Amino acid sequence: MAPTYAIEHLLRAAGSAVIAGVDEVGRGAWAGPVTVCAVVTDLSEPPDGLTDSKLLSPARRVALAGEVAAWATAHACGDADTAEIDELGMTEALRRAARRALDALPVRPDVVILDGKHDYLGSPWPVRTEVKGDLTCVSVAAASVIAKVRRDAHMAALGHEEYGFADNAGYPSPAHQAALAEHGPTAHHRLSWSYLDDLPRWRHLKKHRNSLAGEGQLSLFG
């Protein structure tokens, strides 16, 4: 299933001249930042093979990210680091990362197409949420590819080879889980998350965020 411009055309017809597709990556990882990308296009034909980044091989994703960056009218990324995630919760971290991406665009969007069903962005941008937007909407698919490649490269550059960041990008793979159990979390791990509840040796490192600051995260360990 190839993404289309159906949503963009509807928004153009309603009077929005500049439309940004926005997607995030890293929400479910145990380590590393959450990254958000915003992409503006001129509604021209996208690079061949553009789709949700999760459906692409790593090599194809990297090649396509370069094509997308050259083709898009504008694109920018924003990050929220582990300290912000621990202190503020994921929803606020996503909001900050998205605002950083949108503020970095050389053009100001009239409306944002946000992947998913939850508007974590809010004002001052009008937002249209689109479930599976990274699969069905060209500008959101483009954002998903650039965001994924950017964050994967960042995680691979962190080192800590025993945790396998170059392969798992901070998500809970078996190698990552085994390294956590043996060595404990690094400075790049999210310490407010409940995987630490399942690690008796390292449980004392857990940070307890004020419940009013954001949502929790369900245990995924084991």
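Restricting attention to the range 150-167, the residues being within 25 Å of L56 (Cα to Cα) and out of contact with any strand residue (DSSP E or B) (no Cβ under 9 Å at 6 or more places or on another chain) number 8. When residues in the range 144-202 are screened for being hydroxyl-bearing (S, T, Y), within 19 Å of I85 (Cα to Cα) and in contact with a helix residue (DSSP H, G or I) (Cβ under 8 Å, 6 or more places away or on another chain), 3 of them pass. Selection of the range 27-73 for residues being in contact with a Leu (Cβ under 7 Å, 6 or more places away or on another chain) and without any contact (Cβ under 8 Å) to a residue 40 or more places away in the chain yields P47, G49.
Set side by side, the residues A166, A178, A143 differ, and just one is within 17 Å of the chain's Cα centre (by Cα) and more than 20 Å from M90 (Cα to Cα), which is A166. Residues in the range 159-192 that are within 30 Å of A72 (Cβ to Cβ) and open to solvent by less than 40 Å² (accessible area, probe 1.4 Å): 4 in all.
Being open to solvent by 20 Å² or more (accessible area, probe 1.4 Å), in contact (Cβ under 8 Å) with a residue 12 or more places away in the chain and either out of contact with any Leu (no Cβ under 8 Å at 6 or more places or on another chain) or within 16 Å of H154 (Cα to Cα) (or both) is a property that L11 has. Taking the criterion of being hydroxyl-bearing (S, T, Y) and out of contact with any strand residue (DSSP E or B) (no Cβ under 7 Å at 6 or more places or on another chain), the residues of the range 1-34 that qualify are T4, Y5.
The values are calculated or read from the model by the stated rules, or taken from the named source; none is laboratory data. What you are looking at is a predicted structure, and each value in this text was computed from that prediction instead of being measured. Virtual Cβ from ideal backbone geometry, glycine too; neighbours counted across all protein chains shown. To get the accessible areas, we keep the full protein, side chains included, count just its heavy atoms, and leave off ligands, DNA and RNA. Shrake-Rupley method; radii C 1.70, N 1.55, O 1.52, S 1.80 Å.
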